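The structure appears right after this line, and notes come after that.
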């Protein structure tokens, strides 16, 4: 197969993912803290602290480590005939979607994404959706238009 | 082709009335019973209930007649139109090119009147374009309607030809074999589990004393009781699985006319389904655990609907000898006819398959080791059990490794894998919606990779997957399956 896809996501994605990761891990912290609090009344000190410590480690991983790894792996490229995606931290997957199979393309952006000026490109085939997340809004629009244009050019085969 | 508005078969009145009554009964059964319970069984109450029932039946019958009179259907102006509604009129128009299939179902009531229910299924439109259902049509009318709708896309030349040619019919003997080997024992087991709740309540009817005495009589040893019970439940589950298969697949007939496949099946409820051959995305040959030793298999198709990802995964034929599968495909879906020798996986993949199979067992072992520092004897038993599990697990891993394989040629991708059943999936290159190469760090170290190709099917697609083929082969194959490779070859 060809070399890695050329394009990367917008660097601001890392910040966004850190925030969403932290928000997602907050309940975890709360649960860990609660278990510690209830354990500390009956158990000796080191055992009681363990749950909150574990929760803290998970929090750091989710909010600090994973966004970076994820961003470093994520690459995409829109070739003449196919969209090429690479992603995944542990299981690295490389996805090839022929442009001729793409039925339509969207850009989407949530409230948090808009704050960072980011958007996600989603393209649909008959077997489901694929996405390129966290591109800066103008790039996303460009990618969307490019895909839709190339899709139209493909002859039916 | 167009036609004037037509009414349903008069049996529709009765079917409609029966449905109304069924609704009322379910609404009134609780208050009715309460009434009976409070006032007891005197003649006046009974008379009142009887009178109520007669009035209700009469009302339902009148309503049935009115709604029959109000319901008409026609095919005109390139669309199927259905008018309904006694008080609130409702007209539904479905453009013919949006019709995905015209299926007929024959429930028990319909069977009694010799009519069929026709379902005009659409897809793509989703909720804004629901399906239309005609509860009762004479068989000939249903056939005529189907021809009108489906014929719109075809040349109306083959009018009055012999009709669909039967490709294969499931014999009664095969039907029983299919039931006995269906492997739906698991499903039946869970059904039994639900029923056992009910039986528990029933069990309270017999006194515990009686039950105990019966058990003491037949089996003084509790282990024997358990064994007998397990055997009995197993047998019952098996019989249920057979019964389920017979209900669903009795009289299974696959036939073809032009570009359409027709499937008829069912014992009490006759079902007929249409599959446009052009919409078939992939074919699966499934050799169940109980069937493979006898060289038997079942055939399934993944087909896509109109427009978006709606479609179905359907049984094309429930049981046939493995070697007949390809022959049947030649008649039913010639595009998918292939039976290549498969590329095996590299020898270094075996270790990963065995590893994957025994990891869950090792987890169990760890749990046992952690849980049993207290009782040495228990730990010993636990380890013995784990040891007894590890060997079958390893064997299972080896089986999965041996049965995995792939081939690509003549624009057809063939992939074989085993979960429990050994499944061979065939899909043409132009049906593949996307391809993935997936690698974990372990796989990278062993120069292996997993490939996955997706085809459209009901509910978001079906996949063809080969785990742990050589990394180079995986990359070459994904390249070959792409659109670029074809251009180069030209």
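Some values worked out for this structure:
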| item | result |
| --- | --- |
| Residue match in the stretch A:3-24 (condition: over 20 Å from the mean Cα position of the chain (by Cα) and within 14 Å of another protein chain (Cβ to nearest Cβ)) | yes |
| Test for residue A:55: is it in contact (Cβ under 8 Å) with a residue 12 or more places away in the chain, within 14 Å of chain B (Cβ to nearest Cβ), crowded, with 17+ Cβ neighbours inside 10 Å and part of a helix (DSSP H, G or I) | no |
| Whichever residue in the stretch B:344-379 is at pLDDT 75 or above, more than 21 Å from residue B:405 (Cα to Cα) and in contact with a helix residue (DSSP H, G or I) (Cβ under 7 Å, 6 or more places away or on another chain) and, among such residues, is surrounded by the fewest Cβ atoms within 10 Å (Cβ to Cβ) | B:364 |
| Matching entry among B:254, B:268, B:261, B:319 (being in contact (Cβ under 8 Å) with a residue 40 or more places away in the chain, buried (at least 23 other Cβ atoms within 10 Å of the Cβ) and more than 28 Å from residue B:403 (Cβ to Cβ)) | B:261 |
| Unmet requirement for residue A:15, which otherwise passes all of (1) surrounded by fewer than 16 Cβ atoms within 10 Å (Cβ to Cβ); (2) modelled with pLDDT of 90 or more; (3) not in a helix (DSSP H, G or I) | (3) |
| Any hit, the stretch B:411-424, residues being closer than 25 Å to residue B:304 by Cβ, within 9 Å of chain A (Cβ to nearest Cβ) and either modelled with pLDDT of 90 or more or touching a strand residue (DSSP E or B) at 6+ places or on another chain (Cβ under 8 Å) (or both) | no |
| Count - residues of the stretch A:90-122 that are in contact with a helix residue (DSSP H, G or I) (Cβ under 7 Å, 6 or more places away or on another chain), surrounded by 22 or more Cβ atoms within 10 Å (Cβ to Cβ) and closer than 16 Å to residue A:153 by Cα | 3 |
| Those residues of the stretch A:80-122 which are more than 7 Å from chain B (Cβ to nearest Cβ), in a strand (DSSP E or B) and farther than 16 Å from residue A:142 by Cβ, in sequence order | A:84, A:85, A:86, A:87, A:104 |
| Filtered residues of the stretch B:442-464 (kept if within 12 Å of chain A (Cβ to nearest Cβ) and either free of Cβ contacts under 8 Å to residues at least 60 places away in the same chain or part of a strand (DSSP E or B) (or both)) | B:444, B:449, B:450, B:451, B:452, B:453, B:454, B:455, B:462, B:463, B:464 |
| Number of the condition not met by residue A:73 [criteria: (1) more than 10 Å from chain B (Cβ to nearest Cβ); (2) over 27 Å from residue A:148 (Cβ atoms)] | (2) |
| Residue check, residue A:132 under 29 Å from residue B:443 (Cα atoms), surrounded by 21 or more Cβ atoms within 10 Å (Cβ to Cβ) and within 14 Å of another protein chain (Cβ to nearest Cβ) | yes |
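The values are calculated or read from the model by the stated rules, or taken from the named source; none is laboratory data. Small disclaimer: the values here were computed from a predicted structure and weren't measured. FYI the Cβ positions are ideal-geometry reconstructions off the backbone, even for glycines, and counts take in every protein chain you see.
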